[in-house]
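Read-outs throughout are calculated quantities, based only on the coordinates presented, and are distinct from any laboratory measurement. Note that this is a predicted model, so its numbers are computed, not measured. For neighbour counting, all protein chains shown are included, and Cβ atoms are generated from backbone atoms with ideal geometry for every residue, glycine included.
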Amino acid sequence: MTREPDPLEFDQPRVSIRKPEHRFDSQGEVPDATRVERAMNSFVRDFGRTAAVYMESCIHCGMCAEACHFYEVTQDPKYTPIWKLEPFKQAYKREYGPFAFVYRALNLKPKVTADELQQWQHLIYDSCTVCGRCSLMCPMGIDIASLVSQARHGMFKAGLVPHELAAVTERARREGSPLGATPKVFADRCEWLADEHDVEITIDKPRADVLCAMSSIEIMKYPESIVATARIMKHLGADWTFSLDGYEATNFGLLTGDAATQKDLTLKIIHAAAACGARVVVLPECGHAYTALRWMGANMYGKPLPFKVMHIAEFLAEQVRTGKLRLRKLGKTATFHDPCQLVRRGGAIEAPREVLQALGVELREMYPTKGANWCCGGGGGVVAIHRADELRHKVFKIKMEQIEQTGAELPVTSCANCRQTFDDGQAHFKWDKTMYSLLELVADNLIEDDQ
Amino acid sequence: MSLLDFARGPALQWSVFIFVAGTLWRLLGVLLLRTRKDLSAPRKDAAWKGLRLIALRSWPRKEFLGGTAFGEVMGYAFHIGFLLALFFFVPHVLFFADIARGLLGTDLHGLTGLHWPTLPNGVVTLLSAISIAALVAVLIHRVVSPVKRLISNFDDYFSWLVTIAPLATGMAAFAHLGGWPYERLLAVHILSAELLLVWFPFGKLMHAFTIFAARGATGMLFERKGASL
């Protein structure tokens, strides 16, 4: 049975599909046993050495709970990060570990049921942003977040993905964009923005040094980011372009656990960059887009990428270092919210700070900050899931407190998904702080030659 | 065959065999799995430097210390007490030297001229007592803490039992407690240590080995990306 695509919702502080009247949190019509089998086969199929070592190492110390924002605000033990993997741990021991034959022969670990997996959907999707803070805490050094991603592959194969994520991933597979930013929509937007803002937005230049990509959230909700990118590229005199064959860096395949869609979406950008001979692909302000292309892209491609991949903050920092990017000094205080996939897990820790320094702001770091900073609560697809709103808003209070404590005038980040989570939190709590985009701050403060 | 002869003879041989074979099976069972080459361009070339996580993760980052200090302190207390008592108690050292002579025909002194250091009995008694107290504390914490209670299973409780048993029986033997003949106390102590060896490969005690592999793997993966360790 195919359903009409879910309508998108653009009049709210965060972009998602409209709140579904009837949720479809399981996809396809298959027997329960098949769901479980698919989940577990997929989970163990790609089980390499590292994941297996992780599975063998947990000592159930429970310390990961202390790192998780969902546990922090609820004190509910079910949000303990390693517990979110319990059915998968069970299945690993029973089906795959070195002593699996003993566990099976003596039935020491019962078979995981479809009901259990269904219950765990809330833990694997709604209450995990894959932010990886727990991975930083685990005394055994287990990268718990990577195991959650692997569990999501299993959940996808089982057809047990939350309604919204399944819907937007399906749309991404069909249209190339999860939020309706089709090539036509993107081209129309760029044309309209170019007129409106009197800026040249280059599309489909046959050869270019730099290929830029945007995220759907920016295209549909923060189109100023497209303008900002174009202005900065003009300021730098860069030989750049967008490509209608690969402009969309958002990758819901990664968030949902749909590896095939993830690969398709990634390859679009890779092929577009190869086609125009790009030396650099500049990724937008989007954390997971960075993970998808910077750290997973070559592995999807099957060989090293023939170009360099940079997050826009890294690109800007490089331009600051070479003196090409000249910026007006803001003379204000600012604090930086670290997007988890960019900073903690992505390694671009100092780049956004270098750019802020070039903007002449007094940087007031949150506590904790950088790698140990708290997640906004909206990553990993959580912000798109309506039923997770209440929990996500609780988590958001941590961010509000952190930012208030700095006393900084400008909260700044470099991830559109964090930004929309902040916009949504701001509206929900009627907070007086608005999250700024680092990219847009830079674009608004360029020193042009005629100034 | 007396109970002590059994404990020192076939029980020892079988338990060591199960320990060695089981540990190798489980370790090789995961370490020999394939691993895919990461084709992404590294941020840092010397990924091996991430191996420092093996040492680094021995104490939590300051941001996490508040909520985990109890577990860390108690964990260290029983690990240190256990290991010092195991390796530096005079009768243990003599026992190991005896085994070495049986297997190799010589011992550490014969091989290198060095003497394995030992701790005074009083110190070992104190360390064992601290270790037992810390183990009791972590068990209470496991039962009382909602998080630990939820995530615990048979392995956690049984591993606790086989860890505290040699400490408790060792102290009982040393103090001649319980009105039992010394030989029987000693036999029970040795058997309890053998139970630990037999359980070791099957439960979470294996973390004694896997901790290095897990921390090392994460350290190298993260260092390559320049991610936070």
Report task. Count charges around A:Gly379 for me, please; just the other residues with Cβ under 14 Å from its Cβ, Lys/Arg as +1, Asp/Glu as -1. Result -> +4
**Report entry** DSSP-loop trypsin sites (Lys or Arg not before Pro) across the range A:318-402, with at most 16 other Cβ within 10 angstrom
**Finding:** A:Lys324, A:Arg326, A:Arg328, A:Lys329, A:Lys332
Query raised in the report: A:Phe307: net charge of surrounding residues, Cβ under 12 Å, Lys/Arg +1, Asp/Glu -1, itself excluded?
Result: +2
Query raised in the report: So what's the Cα pair-distance distribution over the range B:1-135, bin width 5 Å, in %?
Result: 2, 7, 9, 11, 13, 17, 15, 11, 7, 6, 2, 1, 0, 0
Query raised in the report: With no solvent and one point on each alpha carbon, what is the Debye value of log10 I(q)/I(0) for the range A:142-255 at q = 0.18, 0.20 Å⁻¹?
Result: -0.89, -1.00
**Report entry** D_trans [Stokes-Einstein, Kirkwood Rh over alpha-carbon pairs] for the range B:141-200, 4 °C, 1.567 mPa s, µm² s⁻¹
**Finding:** 102
Query - Reach of A:Lys329 by Cα under 15 Å, taken over aspartates and glutamates that are not fewer than 8 positions away in the same chain - result: A:Glu354, A:Glu362, A:Glu409, A:Glu440, A:Asp444, A:Glu448
Report task. Search the structure for amide H atoms under 5 Å from the amide H of A:Arg14, placed 1.01 Å from N in the peptide plane, and list their residues when 5 or more places away or on another chain. Result -> none
Report summary line: Residues of the range B:95-109 with backbone N under 19 Å of the label point set 7 Å from the Cα of B:Val20 along Cα→Cβ are B:95-108
**Report entry** chain A: angle of helix A:312-321 to the longest principal axis, Cα-based, in degrees nearest 10
**Finding:** 40
**Report entry** At least 24 Å along the helix axis (C-alpha) and Kyte average at least -0.5, DSSP helices within chain B
**Finding:** B:10-31, B:62-88, B:121-144, B:154-174, B:182-199, B:207-225
Report summary line: Pairs over 32 Å Cα to Cα, from A:Lys221/B:Lys148; A:Lys89/B:Lys37; A:Lys263/B:Lys44, come to A:Lys221/B:Lys148
**Report entry** Cβ charges +1 (Lys, Arg) and -1 (Asp, Glu), total dipole of chain A, debye
**Finding:** 1520
Query raised in the report: Where Lys and Arg each count +1 and Asp and Glu each count -1, what net charge lies around A:Pro110 among other residues with Cβ under 13 Å from its Cβ?
Result: +2
Query raised in the report: How large is Rg/Rh for chain A, to two decimals, with Cα atoms and a Kirkwood Rh?
Result: 0.97
Requested in this report: Within the range A:125-168, which residues have the backbone N less than 11 Å from the label spot 7 Å out from A:Arg174 along Cα→beta-carbon, could you tell me?
Outcome: A:167-168
Query - Candidate lysines - alpha carbon under 25 Å from A:Lys332, same-chain residues fewer than 8 apart omitted - result: A:Lys324, A:Lys370, A:Lys397, A:Lys399, A:Lys430, A:Lys433
Query raised in the report: Looking only at B:Gly66, B:Gly113, B:Gly178, which one moves most when chain B is put into a Gaussian network model with springs between Cα atoms under 10 Å?
Result: B:Gly113
Query raised in the report: To the nearest 20 debye, what is the magnitude of the charge dipole of the range B:1-124 about its Cα centre, counting +1 on the Cβ of each Lys and Arg and -1 on the Cβ of each Asp and Glu?
Result: 820
